[in-house]
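What follows is a set of notes on a single structure, which appears directly below.
Here, each number is a calculation from the coordinates, and none is a lab measurement. Keep in mind that what you see is a predicted model, and the values were worked out from it rather than measured. Because the Cβ atoms are built from the backbone with ideal geometry, glycine has one as well, and the counts that use them run over all protein chains shown.
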Amino acid sequence: MRRLVRLVGLLEPHRHGDVKVSLSEVMALGELAEAEALTQQELSQLLGLEKSTVSRLAAGLEGRGWVSRRRDPANRRYSQLTLTVEGRAVAERVGQELQGHHDRILGGLTPTERTALMTGLAALGRILEVEHSGREAPWSTDLTALSPTPSVDQAER
């Protein structure tokens, strides 16, 4: 996983056309584009980030002119975040560029490899969901017995 994160450069901001954005900004823009308006608490839950992190993220997006805040009419204690016209344009531009990038990457795989990747990612998602929920997995997660490849720790050395 660390190797994939490094290869893709997930932890560094990326340039999408004339816009440089971090992964958390991309994810927040996508969630806001899809939902129209969210409270910071809702955005925090969707992104899986701490409230304080989302507060800084929202302030940064607001400072860039991509997000506006207004009091939630249903509960004045909360602010709703919405994309500005510029924020919506950035979200669309970044989304289209990412879709093209993903299409190029997946286009390099054979149909069999794509099917295997989708199956593996679905399984990984299922296991991560159980892992992060704190529930006990009803199946064995000892993957070392399934593969002759070295463990992650061995591969990193």
| request: For T84, list long-range residues whose amide hydrogen, built 1.01 Å from N in the peptide plane, is under 5 Å from its own amide hydrogen. | output: V67, S68
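If we sort 66-76, 105-115 on the protection proxy, mean other Cβ atoms within 10 Å, highest first, what's the order? Mind dumping the intermediate values first?
Numbers: 66-76: 13.6, 105-115: 9.8.
Answer by packing, highest mean first, reads 66-76, 105-115.
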